[in-house]
Amino acid sequence: MFRHAAEAVREAQVFIITAGAGMGVDSGLPDFRGDRGFWTAYPPYARLGISFIDAANPEHFDRDPAFGWGFYGHRTNLYRATVPHEGFAIMRGWIERNRAASFVVTSNVDGQFQKAGYPEESILEVHGSIHWLQCTTPCNRRIWANREEIPVNPETMRARSIPRCISCRTVSRPNILMFGDYAWLPERTTAQERRFARFREECRGRRTVVIELGAGGAIPTIRRTSERLGDEPHTTVIRINPREAEIDAPHLSLPCGALEALRRIGEFL
């Protein structure tokens, strides 16, 4: 299968990278798969019996902003400190060698593709980004860059400072689509979706490889995107996932982690 994946990569005129949370594991980011994985990464929430879905709830910013910003402030600091793993550079090398067009579609909010040198204008963040903020109300439709310093007590997971809206000074929040979220401002993501739609139209009919990395079935947004793209002519999907790699032929299934798969494909190139 790695040989077949390498053939698809070698012939590709277009690369579409679709990435879920598993893409960050090789960079040392925590795996939130299931409550046990979340609690291993965040022991204070285990003591409180709070799941990832509970923690990623926008109501905290209204009821207890120090608690809400404890979770998202910690993640902001973690993502800022994280160095993208080698796999990001491997794929950039393939794109450059083929002189191919490319686009990234990710459910991750961590900004790792931008940090790894992928152009901002060729990235679609379907759930938003932790590196951008909005008002909790919201008082207007404004979205601004997250330049806040957010110290967090690691024992209580409560923020020691609360970022504020730059317009009305009420509590701000990350511009991320959370669970049960009716206040998320989608304008930034909508603009990215329009750019991706134009990209697909411009690349229609070219040999395309979709490299899906670490996208699980619990929240299947990225997997479904890959499968829709795979229905297009001249398109091969390479699904890389250590636990849920199944995909129908003629597409390719690689049951391993992102970095291992990318390195092994590279061995055949």
Residue hits (the range 94-122; in contact (Cβ under 8 Å) with a residue 40 or more places away in the chain and more than 16 Å from the chain's Cα centre (by Cα)) are Trp94, Ile95, Asn98, Ala100, Ala101, Ser102
Residues of the range 80-101 being buried (at least 21 other Cβ atoms within 10 Å of the Cβ) and more than 15 Å from Val25 (Cα to Cα), in sequence order, are Met91, Trp94
Checking Asn146, Asn108 in turn, the sole residue that is modelled with pLDDT of 95 or more, within 16 Å of Gly68 (Cα to Cα) and either of a type in the set (A, V, I, L, M) or surrounded by 14 or more Cβ atoms within 10 Å (Cβ to Cβ) (or both) turns out to be Asn146
The residue that is farthest from Arg206 (Cα to Cα), considering only those in the range 232-269 that are small (Gly, Ala, Ser) and touching a Lys or Arg at 6+ places or on another chain (Cβ under 9 Å), is Ala245
Residue hits (the range 244-269; free of Cβ contacts under 8 Å to residues at least 24 places away in the same chain and more than 23 Å from the chain's Cα centre (by Cα)) are Asp248, Ala249, Pro250
Legend entry - Phe38 being at pLDDT below 85 and surrounded by 20 or more Cβ atoms within 10 Å (Cβ to Cβ): yes
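Test Ser172 against the stated conditions and say whether it is in a strand (DSSP E or B), surrounded by 21 or more Cβ atoms within 10 Å (Cβ to Cβ), hydroxyl-bearing (Ser, Thr, Tyr) and in contact with a Leu (Cβ under 7 Å, 6 or more places away or on another chain).
Yes.
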For the range 52-103, the count of residues that are over 17 Å from Gly266 (Cα atoms), in contact with a Ser or Thr (Cβ under 7 Å, 6 or more places away or on another chain) and of a type in the set (A, V, I, L, M) equals 1
When restricted to Thr40, Thr76, Thr18, the only residue touching a residue at least 24 places away in the same chain (Cβ under 8 Å) and assigned to a helix (DSSP H, G or I) is Thr76
Those residues of the range 123-158 that are acidic (Asp, Glu) and in a strand (DSSP E or B) come to a total of 1
Scanning the range 38-93 for residues that are among the acidic types (Asp, Glu) and farther than 23 Å from Asp181 by Cα gives Glu86
Given the conditions (1) among the small types (Gly, Ala, Ser); (2) free of Cβ contacts under 8 Å to residues at least 24 places away in the same chain; (3) surrounded by fewer than 19 Cβ atoms within 10 Å (Cβ to Cβ), every one holds for Ala55 apart from (3)
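Give the residues of the range 1-20 that are more than 14 Å from Val104 (Cα to Cα) and of a type in the set (A, V, I, L, M, F, W, C), sorted by residue number.
If the condition is that a residue be more than 14 Å from Val104 (Cα to Cα) and of a type in the set (A, V, I, L, M, F, W, C), then Met1, Phe2, Ala5, Ala6, Ala8, Val9, Ala12 are the ones that fit.
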When Ser102 is run through (1) part of a helix (DSSP H, G or I); (2) in contact with a helix residue (DSSP H, G or I) (Cβ under 8 Å, 6 or more places away or on another chain); (3) among the small types (Gly, Ala, Ser), the failure sits at (1)
message: Can you find a residue that is more than 18 Å from the chain's Cα centre (by Cα) and over 23 Å from Pro163 (Cβ atoms) anywhere in the range 63-73?
response: no
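The values are calculated or read from the model by the stated rules, or taken from the named source; none is laboratory data. Only a predicted model underlies this, so the values are computations on that prediction, with no experimental measurement involved. Note that each Cβ is placed from the backbone with ideal geometry, even for glycine, and that neighbours are counted across all protein chains shown.
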